2 protein chains.
Amino acid sequence: MSQIISALVDVLIVGAGPAGLTAANCFNGTKLKVLVVDKKDGPEKTGRADGLKSISLEILDTFGIGDTILTDSQRCEEIVLWNPDKNGVIQRTMTIADKVDELMKPREITLDQGRIEAVMGENLQKHGNVETCWNTQPVDVELDPELEDDPDAYPITVNLHNNKTHTRRTICAKYLIGSDGGRSWLRKFFNIKFTGDLTDSTWGVLNMIPRTDFPDIRKVFVVHSTRGTIMGVPREDKLVRFYISMDGGHRNTSLDAKSITSDKIVRAAQDILAPYKLEAGKIPWWSAYCVGQRVADQFSYRNRVFLAGDAVHTHSPKAGQGMNTSIQDGYNIGWKLRYYLENSCNVSLVATYESERRPVAQALINFDKEYLEFFARTDTTHDEFLEAYLAAQKFTTGIGIRYAPSVVVQATARPEDSHAIAAGLAHGMRLPDFQMVNQSDGVPVHIYHRLTQQARFRLLFFPGDIANESTGLRFKTLGSWIAEHKKKVTGIEFITIHSSIRADVELMNLHPVFRPWDDDDGWDYWAVYADDESYHDGHGHAYERCGIDRSTGCMVLLRPDGYVSLICGLDDTNALVTFLDQLNSPSTPTQAHEGKYVVQANGSLKTGPKQVCPQILRDSCSVQTYNAL
Amino acid sequence: MSQIISALVDVLIVGAGPAGLTAANCFNGTKLKVLVVDKKDGPEKTGRADGLKSISLEILDTFGIGDTILTDSQRCEEIVLWNPDKNGVIQRTMTIADKVDELMKPREITLDQGRIEAVMGENLQKHGNVETCWNTQPVDVELDPELEDDPDAYPITVNLHNNKTHTRRTICAKYLIGSDGGRSWLRKFFNIKFTGDLTDSTWGVLNMIPRTDFPDIRKVFVVHSTRGTIMGVPREDKLVRFYISMDGGHRNTSLDAKSITSDKIVRAAQDILAPYKLEAGKIPWWSAYCVGQRVADQFSYRNRVFLAGDAVHTHSPKAGQGMNTSIQDGYNIGWKLRYYLENSCNVSLVATYESERRPVAQALINFDKEYLEFFARTDTTHDEFLEAYLAAQKFTTGIGIRYAPSVVVQATARPEDSHAIAAGLAHGMRLPDFQMVNQSDGVPVHIYHRLTQQARFRLLFFPGDIANESTGLRFKTLGSWIAEHKKKVTGIEFITIHSSIRADVELMNLHPVFRPWDDDDGWDYWAVYADDESYHDGHGHAYERCGIDRSTGCMVLLRPDGYVSLICGLDDTNALVTFLDQLNSPSTPTQAHEGKYVVQANGSLKTGPKQVCPQILRDSCSVQTYNAL
């Protein structure tokens, strides 16, 4: 390709859906140049995904937009199960609180994907440094192997086509994120296999304002009848999302999704919900599908191109995982690329995207197969159904995700080592949400509201009761060590959460490193918090939730995405330094080039190398584990 | 004036500050034509007011924007008092929780007036039916007495000047709201006296990011030293608002506010806060002033022109009342004009604006005089200061406001009558905020989030434990009565708050009038709530907060602004019907015209009648009371 380069960008993101917009939001406030392109002419108008899990909301909180989305959304508070009685008439058999103790919020909220995308897009505009171009798609990509290992180079050349103006422009990028959906052009372009199959059950889905006397229409309901299965989820603006098995639960693969109409879906719903009446009001969106359960063989290409969201995994929408897994993919690659570009750290950081996210996707597909089985069957007993449903609940929250040891997750010889220090935390797992009270102004704040996305690691100090003289002294000693070894912890943000009565502590008595001075703004009043009762919102019980002993305390190094890198004692500065040294040492990949592997495409014609996954990536892929708790 | 009429509007609002924007937001979603004009070129950039009381936030909640403003704001959780010790050195003498049990939220939040105005303005744009024109001010107003009593006429002709394009246009309006600030052009035009005086103390005020070791800089602090008084209020974005007495507390009237600079204010602050260090960082706004304490003799003109906000009351900013009183003025006139225009009800409704809001303003000025006295003096004892401060706290929440009996507040022979039914409520007082749980979906909601501003009266049913057979039967009987007498309660929205365990109640078992059917949307799932434990946010204790006996229950007719019109027993439908009949009977004023009283103005020249307040208004003014609890 010999073309005029119209722009150099650090990161080009193809696809402005939940995965792409999340990755883009990770770059808010940076000096890095980021461009998002999408072939659509704007955010989704209506329909598609709608479920946001609590842990996705935490991500949006770190962008500062969680509250906005929460305000507009519908909270899901209860799940109701219906089953046929002896005469085959459906009966409410159980009401389950949609509550998970490990979370502090409702487990799930629902809101139209388009509304969520709109808020994420507005947030990009507000910060102003990420550009978004609609009606734009790549038609050609070239990756220059000569430049691949040069951190300052722009090895990716992308030819973009505007499908409205029919003009083309060429962008050179350091990194490329492909979040271009289930039919990903980039995945196909790079010849990445999308392994899996269509299932044998056909489903209808619709958003509707129902006119009905079914009593649980505003709850999450699963009605499992002799005539099939229906699942309903309450939505904003009086809507209800329905999922209906269109083959009466008989797993009829010959049923063509294309033959299904919204009328047919409504009639199937009426059949299942009888003797309750159901009439269709407004139906702003509907669809029919055979569930495809697939996961891409690779999530990345030569550590320069990363695929995220539906581009690398598709599955049934009923567990409400699609948008959430996409958001978490986007978040994972977003902060890693930003951190690497801003800090020139160990390059193996970016390879952990694939090693962390692919096992999650694989586990999700496995889960989805089992889950869907239970949905489609009519011969399960009530107890079997309940058991499967409750097991699913635990999985779908995402709180069980545990990333394997890597350059950003400490490997411990024995898990007991960290368990003894903080029984509620684990290396590679998400920090649980908790409320704490600002030492300076008494305002209660949830930790994820405080962990604003800046691609910074945070060192959380849990020093215990610092109003106690010896505990206070130990914390001061730690402060002195930090002051002496500033270079070793440079760039890390410190957050202290003590367990004293807040009134017994004076901020100004703490070592200055814990309330850092700024020549413009003075002392930092947002660095020290108390695990204490608030005036208006109760007690957060942070130590209890994290399983930290008030008398011993600990340090927790937190990744920018809220996952735990390292747990160690307050005196164990060695462990901290060793970990950070490894992360921050710029290392150059040593493997030899595999020769020219320029990939090009025009229209449907694609050619590419057979060996697309470099050894370095393969190695890191193979050591991963995924534990769903 | 013989000019071409460029537009007919139902309501013209002059001044897009907090009062005008609040009034304008009351018209969101109507078919009425409303125009807002302001001589400024946009919302306030920075500075001016910043304190929002809990009850003002409730108003913003009814517009759907309370959460947005809360997210951006700083919560005030504590008040700290400092006083000189024996050696004249300031010492922290007391920390007071900034908490009022009657409120469910922090008593006060702070945010720049411009940010609040911007959110209110965006909300107008979102709804789209209220137009806003900047750079525009009235230069001439004419009120046609021949049309004054005709509800369909547009008796007000206003000549508007655009100070950017220098063009003019003429607007005819049914009603005119003047919210054009302390130097109100409209107040002067209508020759309305602004009674009161400048006080004899001079104050400096500034917004600053301070560099300081003063330990309470992020709390509300009042430092009362031998060198004067300083008050600080924490703000968003690291800012602190300072109020500083510039005459060292010596009440020096000869000190000219114009001679004061930001440097002088900072030096005065440094003097008072010594021995603590204070350096000025960024100062985005500052001002100096002698407090003027004035209230307008009239708040309205011939029941067609209404003045609100600073146009009719000015006072010291330190009690944080300015923006709040303005918002409450705007809310009061806003819903009344909308209700009258939409329902052609008893015209005396609009006269209650003056009869309700002027006594509030007068009480505020009286309060402010006493309050300021304590601030400016250096010879008060600590106990005296504390007493005054705590008394002020109770006043400034606004929860003590009680509007006198009128066409929208039931007169009871004996207050005990309603006290026996609902000890926590009173005719003419604000409904306390409480949380309730939606019967249909289990979502907890605060009542003011539910009371969206639609200028509708609400009938709140507190039927008690309807899962109990006889209580349930009594509630059904009430439902039957309503079904039979639909016309008598037309336009009223029903909200039921029962006290049963939520799981013991089935929505579909309630009488259909309590969950009204809509041919498009089916049953209403947002009309019945439980005073019960929620899954994630505790128990609201609504019956307890309202002092309602679970075994007897009651009905509460609520004005569109959340003030109580009528409290009566569940069987006392007579009281309800009598009240509504009076409200909804269109009555024509019977007083004779006082002759031509056309008022005109060009530039500074103004002529007007001496007798500007019609008898009807005078009468209604004279019967008011204002109780600050």
* Asked: Of all residues in the range B:436-457 being closer than 27 Å to B:Arg402 by Cβ and more than 21 Å from the chain's Cα centre (by Cα), which is most open to solvent (accessible area, probe 1.4 Å)?
  -> B:Val445
* Sole residue being among the small types (Gly, Ala, Ser), closer than 25 Å to B:Gly181 by Cβ and assigned to a loop (DSSP other than H, G, I, E, B), chosen from B:Gly330, B:Gly398, B:Gly334 -> B:Gly398
* **Enumeration of residues in the range A:106-123 that are of a type in the set (Ser, Thr, Tyr) and within 14 Å of A:Leu21 (Cβ to Cβ)** => none
* In this structure, does A:Leu580 turn out to be of a type outside the set (D, E, K, R), out of contact with any helix residue (DSSP H, G or I) (no Cβ under 8 Å at 6 or more places or on another chain) and either more than 14 Å from chain B (Cβ to nearest Cβ) or at negative phi (or both)? -> no
* Asked: Out of curiosity, is B:Lys318 basic (Lys, Arg), touching a residue at least 60 places away in the same chain (Cβ under 8 Å), over 18 Å from B:Phe194 (Cα atoms) and touching a helix residue (DSSP H, G or I) at 6+ places or on another chain (Cβ under 9 Å)?
  -> yes
* Asked: Considering the range A:360-394 alone, what residues qualify as being modelled with pLDDT of 75 or more and more than 20 Å from A:Met94 (Cα to Cα)?
  -> A:Val360, A:Ala361, A:Gln362, A:Ala363, A:Leu364, A:Ile365, A:Asn366, A:Phe367, A:Asp368, A:Lys369, A:Glu370
* Asked: Would you pick out the residues in the range B:169-189 that are outside any strand (DSSP E or B) and open to solvent by less than 50 Å² (accessible area, probe 1.4 Å)?
  -> B:Ser179, B:Asp180, B:Gly181, B:Gly182, B:Ser184, B:Leu186, B:Arg187, B:Phe189
* Mind listing whichever residues of the range A:10-57 are closer than 23 Å to A:Phe242 by Cβ and surrounded by fewer than 19 Cβ atoms within 10 Å (Cβ to Cβ)? => A:Lys45, A:Thr46, A:Gly47
* **Residue in the range B:533-565 that is nearest to the chain's Cα centre (by Cα), counting only those that are polar (S, T, N, Q) and away from chain A (no Cβ under 14 Å)** => B:Ser565
* Conditions (1) buried (at least 16 other Cβ atoms within 10 Å of the Cβ); (2) within 30 Å of B:Tyr389 (Cβ to Cβ); (3) within 14 Å of chain A (Cβ to nearest Cβ): number failed by B:Glu117 -> (3)
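Pick out the one residue from A:Ile399, A:Ile365 that is touching an Asp or Glu at 6+ places or on another chain (Cβ under 6 Å) and either open to solvent by 30 Å² or more (accessible area, probe 1.4 Å) or farther than 19 Å from A:Ala23 by Cα (or both).
A:Ile399
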* Failed item, numbered, when A:Gly562 is tested on (1) at pLDDT 95 or above; (2) at negative phi; (3) touching a Lys or Arg at 6+ places or on another chain (Cβ under 8 Å) -> (2)
* Asked: Quick one: is A:Thr95 farther than 25 Å from A:His446 by Cβ, open to solvent by 50 Å² or more (accessible area, probe 1.4 Å) and β-branched (Val, Ile, Thr)?
  -> yes
* Is it the case that some residue within the range A:150-168 is open to solvent by less than 40 Å² (accessible area, probe 1.4 Å), closer than 19 Å to A:Gly334 by Cα and in a strand (DSSP E or B)? -> yes
* Near pairs, Cβ below 7 angstrom, 6+ apart or cross-chain, from the range A:423-436 (within 17 Å of A:Ile567 (Cα to Cα)) to any residue that is in a loop (DSSP other than H, G, I, E, B) and among the polar types (S, T, N, Q) -> A:His427/A:Gln410; A:His427/A:Thr412
* Which members of the range B:217-231 meet the condition of being touching a residue at least 24 places away in the same chain (Cβ under 8 Å) and within 14 Å of chain A (Cβ to nearest Cβ)? -> B:Lys219, B:Val220, B:Phe221
* Got a number for residues in the range A:91-146 being of a type in the set (A, V, I, L, M) and under 25 Å from A:Lys31 (Cβ atoms)? -> 5
* Spot the failing condition for B:Met104; the list is (1) in contact with a Phe, Trp or Tyr (Cβ under 8 Å, 6 or more places away or on another chain); (2) under 21 Å from B:Glu236 (Cβ atoms); (3) part of a loop (DSSP other than H, G, I, E, B), and only one is missed. => (2)
* Structure fact -> Matching residues in the range B:58-91 (within 10 Å of chain A (Cβ to nearest Cβ) and either surrounded by fewer than 16 Cβ atoms within 10 Å (Cβ to Cβ) or free of Cβ contacts under 8 Å to residues at least 60 places away in the same chain (or both)) number 6
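The values are calculated or read from the model by the stated rules, or taken from the named source; none is laboratory data. Note that this is a predicted model, so its numbers are computed, not measured. A quick note on method: Cβ atoms are made from the backbone with ideal geometry, for glycine too, and the neighbour counts reach across all protein chains shown. Remember, those area values only see protein heavy atoms, side chains included, never the ligands or the DNA or RNA. Shrake-Rupley method; radii C 1.70, N 1.55, O 1.52, S 1.80 Å.
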